[in-house]
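Notes follow once the structure below has been shown.
What follows draws every value from the coordinates through simple rules; no lab data is involved. Keep in mind that this is a model prediction, so the values were computed, not measured. No Cβ is skipped: glycine too gets one built from the backbone with ideal geometry, and neighbour counts run over all protein chains shown.
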Amino acid sequence: MKSTFPLFPDSASTLSGHVDALFIVWSLVSLFFTILIAGLIVVLMSRYRRRHPEEVGADERAALWLEVLWSAVPLAIMLAMFAWGTKVFFELYRPPADAVEYTAIGKQWMWKVQHPEGQSEINALHIPVGQPVKIKLASEDVIHSFYIPAFRVKQDAVPGRYTSLWFNPTKPGVYHLFCAEYCGTEHSRMIGSVIVMEPRDYETWMAGGTPGKSMVASGSDLFTSLACATCHRPSPGVTQRGPSLEGVFGSQVKLADGRAVTADDNYVRESILNPLAKVVAGYDPVMPTFQGQVSEEQLTQLIAYVRSLGPTGAAPAGGTGGTPAAGTPAASGVTNPSSAEKDATSPLNTAGQTQGAAQKPPQK
Ligand code: CUA
């Protein structure tokens, strides 16, 4: 963790340079026009001041070209900056197809991060250098904001829906992770570290942690234990009460009321928590809500599982794989939020995995 307080944060992602260039040029353009206009005001005030009480101004219509000029030139500059800003914005908010998806859940007052392979961390995120990373954000309580200055990315984590951001780290190192939305008394301590490692070090780190189960495997287990399979898995000779989920994710779903929606993260989430909001055409509105029965973390696991059923089940690169690994060890407490989380609110615990965090004494 850096102890210095530099004027500019490290520039450590593929896009941080683009953001900086836009920021610096925009600042210089603003500075130039501020000085130009303030200077002109002073000069013109003095030069064209009224010299006698009865003095009358000259006819200024001859200077029409000047008016056109000072409207058209700033307009052109504004539009150019707008186009440039839009380009950077799209770069920042469109993750590349090969981005590996991690999940970060904000809760008062910590970040809980889950790797696609199942590792989970509190207030820390270990990633390999040079690999695009997409962070799917959720919140368990209020609005938080996931902010990594060195990568020039910031995105709110909003209760009740998913948001995301992405970046591609270019330099190994340890970078600040902040919550950038005032979320309660300990908001300022809701901080952590992003640890960017050489791929080989990352492998070693991954091998050292308790692996836990992959997101997809955990989701598959939940799918069974919550009895989702009773209605959503076709079995011969039985009238199916719910649609099969094979191949649903990413497709267009026809609803009972005639609408069609894309089955994305937010759709699956809503269908679990509020099943009657969008009933699939051809099925009765009989599904019970799972509100209060599944945590934010379990929701993301269920969604990972549904996504793995395709067709865009394109498991995120990084090898979540489409099918749950058979021989994975039992969850080893990784997904048990209650004990580990309460004890892990200390901001000092920036690099510990959940397992390590659980051994720390309670902070309060
Ligand atoms: Cu969470 Cu501020």
Note to self: Order 276-282, 110-116 from most to least packed using the mean count of other Cβ atoms within 10 Å.
What the structure shows: 110-116, 276-282
Checklist line | Distance histogram for the stretch 1-138 (every C-alpha pair counted, 5 angstrom bins, percent rounded to whole numbers) | finding: 2, 7, 10, 12, 12, 11, 9, 7, 6, 6, 5, 4, 4, 3, 2, 1, 0
Check: Using alpha-carbon positions, what is the distance between the centroids of the stretch 35-55 and the stretch 66-136, in Å?
Finding: 47
Notebook entry, point to check: Measuring from the lowest to the highest alpha carbon on each principal axis, how far does the stretch 215-308 reach, largest first, in angstroms?
Noted result: 32, 31, 24
Item checked: Filter on Lys154/Lys254; Lys134/Lys171; Lys136/Lys254; Lys112/Lys213; Lys87/Lys136 - keep pairs with C-alpha separation over 24 Å -> Lys154/Lys254; Lys136/Lys254
Item checked: Residues Trp166, Trp70, sorted so that the one with the fewest Cβ neighbours within 10 Å comes first -> Trp70, Trp166
Item checked: Stokes-Einstein translational diffusion, the stretch 136-220 - Kirkwood Rh over all Cα pairs, 1.002 mPa s, 20 °C, in µm²/s -> 145
Check: Roughly speaking, what is the stretch gain from Leu28 to Thr262, that is 0.36 nm per residue apart minus the C-alpha to C-alpha distance, in nm to one decimal?
Finding: 79.9 nm
Item checked: Share of Cα-Cα pairs in the stretch 67-198 lying beyond 17 Å, as whole percent -> 61
